[in-house]
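Remarks on the structure that follows.
Values quoted throughout were computed directly from the atomic coordinates according to the rules given, and no laboratory measurement underlies them. Note that this is a predicted model, so its numbers are computed, not measured. Here the Cβ positions follow ideal geometry from the backbone for every residue, glycine too, while neighbour counts run over all protein chains shown.
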Amino acid sequence: MIDTRYLNVLRKLHARLSDGKVNWALTGSLSLALQGVPVQVNDIDVETDKAGAYEVERLFSEFVHRKVAYSSAGRIRSHFGVLMIDGVKVEIMGDVQKRSTDGTWEKPADLERYKRFVEVEGMQLPVLSLDYEYEGYLKLGRTEKSELIKKWLKTLTRMSCSLYQSLRDSGVMYYG
């Protein structure tokens, strides 16, 4: 269950970003939780492109806690900023790049390729796919989180196979 504080902030984000002018998606723990992964949510992470990061900052100017600026920390770099909305930290990340083990930086992800939508309280919220999140956490060396996602993906596969078997056995699925 996701805390109502996060849901209330999601409503604000959705209201200002759902017009399609900003290419964005939720990532991190909230994205995982919205997709069923059993994780503790501590903040909201919004991934976008470079222009989108500065546009999100503009659209939520009254909530800016840290202005968007190009930032690099260890194995990740982006146009990064922080909003504080009703006591909830919202991190904005534009044109995220991860450093490979050989030291080179990957190109920013094509968000459209990895974007999925989940419905929450009537909102269609963009999230990054669990496969993409899994790979990202691996690249960042966050093996505990990547293993949690991997375990959840296996659970989903088993559930899907069980549902398929049940539908086939019940005669709901017909093969001619």
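Report, in degrees rounded to the nearest 10, the 0 to 90 angle that the Cα long axis of helix 50-59 makes with the longest principal axis of the chain.
Approximately 80 degrees, to the nearest ten.
Return one number: the angle in degrees, 0 to 90 and rounded to the nearest 10, between the long axis of the Cα atoms of helix 143-170 and the longest principal axis of the Cα atoms of the chain.
Value to nearest ten degrees: 30.
Rounded, prolate or oblate, given the Cα gyration tensor of segment 4-170, with a/c below 1.5 counting as rounded?
Working: a/c = 2.03, a/b = 1.34, b/c = 1.52.
Verdict is oblate for segment 4-170.
Going by average Cβ neighbours within 10 Å, how do the peptides 77-88, 10-21 rank, with the highest at the top?
Numbers: 77-88: 18.2, 10-21: 14.7.
Going by the mean number of other Cβ atoms within 10 Å, highest first, we get 77-88, 10-21.
Name the long-range amide H neighbours of Val120: under 5 Å, sequence gap of 5 or more, or other chain; modelled H, no Pro or chain starts.
Leu125
In whole Hz, with x marking every Gly and Pro, tabulate ³J(HN,Hα) for segment 77-88 from phi via Karplus 6.51 cos²θ - 1.76 cosθ + 1.60, θ = phi - 60°.
9, 5, 8, 10, x, 9, 10, 10, 10, 6, x, 9
Mind checking the angle between helix 130-139 and the chain's longest principal axis? C-alpha axes, 0 to 90 degrees, to the nearest 10.
Once rounded, one gets 50 degrees.
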